[in-house]
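Chemist: A single structure is presented below for examination.
None of the figures in this text is laboratory data; all of them are computed from the coordinates on show. Treat the numbers as computed from the prediction; the structure is a model and nothing was measured. Cβ coordinates were reconstructed from backbone atoms using ideal geometry, including for glycine residues, and neighbour counts include every protein chain displayed.
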Amino acid sequence: MDRPSSEDLGSKEPLLEIKRVGETKIVHGSGSRKISTELRLKASMEEQKDGQNDETMLPARPIEPGFVRESMSQKRGFQKPLEMIPDTPVAHVRTDPHPHHKTNSPISNTLYELNNVSSAGRSDSSEPIDICIYFPDQQGYQFSVENGRLAQADFLLELAVNQKNVKGAQVSVWNEAFALWMVSPLLEVQLKSYHPPYEVRRQWANFLKKYTNASTDEILNDEPMLMIRRNVTLPIEREKKICEDDKQALQVLFEDAHTQFIQGRYAFDNCRDAAEMAGLSLAAVLGGCPEHDLVKLRSELEEHLPERHLSSVRGPIVFGKALSGTKEMEDVVLRAWRKGGEDRYKAMNEYLAKARESPCYGAAFFAGSIERPNLSFGQFLKQSWFTSSNSDIKVRVSVNMETICVIDEGKGDLLLVQPIDDCSWSVIERKEPPEEDDEVEESSLLLHFPETNSDSGISSGEEAKRSVVERKFRKSRKNAAPKNGQETKLLQVFCYQAMMIDALLKTMKDLGKARSIQIGRHRSSSPEEGFSNESFEPSSSSSSEGGFHLRRAVGRQPSLTKGHRMCLATFDASGQCLKAQGSLKKVLTVK
């Protein structure tokens, strides 16, 4: 796949400009994970010809002041709700020459590597720069920040929350509940408190090159925005407490959840659940439910439902008139709208409570693909006529404090839900830049989890790659042996962001252990206090082809595996491979 050259991207300083999240549809770059030898040789020859064979990192894409405003506002015909802040705050200057390299995280490591390669195009770090930060409600604030190139994420986050009149002790609460994210249609990253957003934006093209399969044009046209969103490491029980004490924080959490829901990220398979979410959202945004106004209901639903559920819920409107009576799902919407009542904050709490039933709530999302299993003749004909003939399924991988999920990108439904505590994993990393004889064509995540139901054939072959996958699988089994002699499954997710998933899973597992220790101490010291929270209940795994039971009734983590739609490998309690599908059957030794 072609990548932008230095001339394409330039070396000027970028403006941290933001675009409206409401106008952004989260999509992923297209392309195959198979990179031909011819393309690699061609790229190598071109680099030698240009005398650039030592240059592996790209300079940042330039954004001239006013350029983004032209393309995003005037071209699309809307005026962004941007408030100019007259003051010029001064960012604290760091004494550490590499302050972002504090932890072994993908973002920190990438920034460290990029800044060590080249510092071309930088100007005086004390010069004020304009930084725009947006909240989930699309309201933005633009600051002219002195030393802005050195400003850390926590400093900019505090600048933004101060515009909400958050003062004193509440600032630390908001710092706990929210984080700065750099978001674009191609990549989303949550910044740690010490990350410099300016440097992330300056090197954004290189982040896309490393963590996506985006084309040259996609990289050149990508415009990231700096947003305040829910902190992915915020525990559910802590979020509930914050919502009780701080109505402003409740509103921002609601707006963030609403955006995620509209984008189809909560993956409610049941249309009734989606209709209830829409009704509560209408109550939170518009207030009380109007009587007998079917036209208003149908006209508003588009802003409160994911696209995949809209046709199933909403009835038709012709020439401004609603045809027929309410549909069954519209009645569900109306009941939920009335349930929300006139109290908008009550409706927001109800909305968040419903959203938390999704195993994807509060998660970070990553683009990837999995292999499609062998199809029967009838399934093959259906796929050939009605769907893409691609052998891969585009997926989103979600990771929150409790679970890891795999979501079918096209259909929007859940393929896999597993508690993180029940899983182990390993990463097969692709070398950058790729080598001609590289065995790994794309980075991938090997996810090992308890048994599921799936039928597949068994075959073998391709010894050249066998050792890589088997070595990674043995490594993953060390930390998660099968329980009670049960069989386990292995799923390979091809993903340029596999290292990011790995880092986040490790963080969540460590935080879970720390919370378990803390809760154990709390219970031993206060046994009379009936402490209970769904996040701290023991995990439980089960298999289901038709659906799953969420957390609404019992405080346990959900489990779901639709094995018939994924290529899996099956292992017995001793770790011997019993059967495998797809590429896994070529690289694993079947017993």
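Chemist: Given a Förster distance of 22 Å, report the FRET efficiency between residue 113 and residue 509 from their Cβ-Cβ distance, rounded to the nearest 0.05.
Modeler: The pair residue 113/residue 509 has a calculated efficiency of 0.25.
Chemist: Of the listed pairs 164/192; 210/585; 513/585; 192/586, which have alpha-carbon separations greater than 32 Å here? Walk me through the intermediate numbers first.
Modeler: Values: 164/192 22 Å; 210/585 28 Å; 513/585 35 Å; 192/586 40 Å.
From 164/192; 210/585; 513/585; 192/586, over 32 Å: 513/585; 192/586.
Chemist: For q values of 0.12 Å⁻¹, compute log₁₀ I(q)/I(0) with the Debye formula on a Cα-only model of segment 202-319, without solvent.
Modeler: -0.66
Chemist: Stretch residue 127-residue 193 to full length: gain in nm at 0.36 nm per residue minus the Cα-Cα span? Walk me through the numbers before you get to the answer.
Modeler: On the way: separation 66, 0.36 × 66 = 23.76 nm, distance 2.21 nm.
Result for the pair: 21.6 nm of gain on full extension.
Chemist: For residue 409, what residues show an amide H to amide H distance below 5 Å, using hydrogens built from the backbone and excluding near sequence neighbours?
Modeler: Distant-sequence amide H within range of residue 409: 394, 395, 396.
Chemist: Taking the Cβ-Cβ separation of residue 338 and residue 589 as r and a Förster radius of 56 Å, what is the calculated FRET efficiency to the nearest 0.05?
Modeler: 0.40
Chemist: Which net charge results when you count Lys and Arg as +1 and Asp and Glu as -1 among the other residues whose beta-carbon is under 12 Å from that of residue 252?
Modeler: So the environment of residue 252 carries a net charge of -1.
Chemist: Filter 394/489; 296/562; 240/509; 339/509 down to the pairs with a C-alpha to C-alpha distance above 28 Å, please.
Modeler: 296/562; 339/509
Chemist: Along the Cα→Cβ direction, 7 angstrom out, place labels at residue 486 and residue 291. What is the inter-label distance in nm?
Modeler: 5.3
Chemist: Follow-up. At residue 345 and residue 221, where each label point lies 7 Å from the Cα along Cα→Cβ, what is the point-to-point distance in nanometres?
Modeler: Those two pseudo-labels are separated by 4.5 nm.
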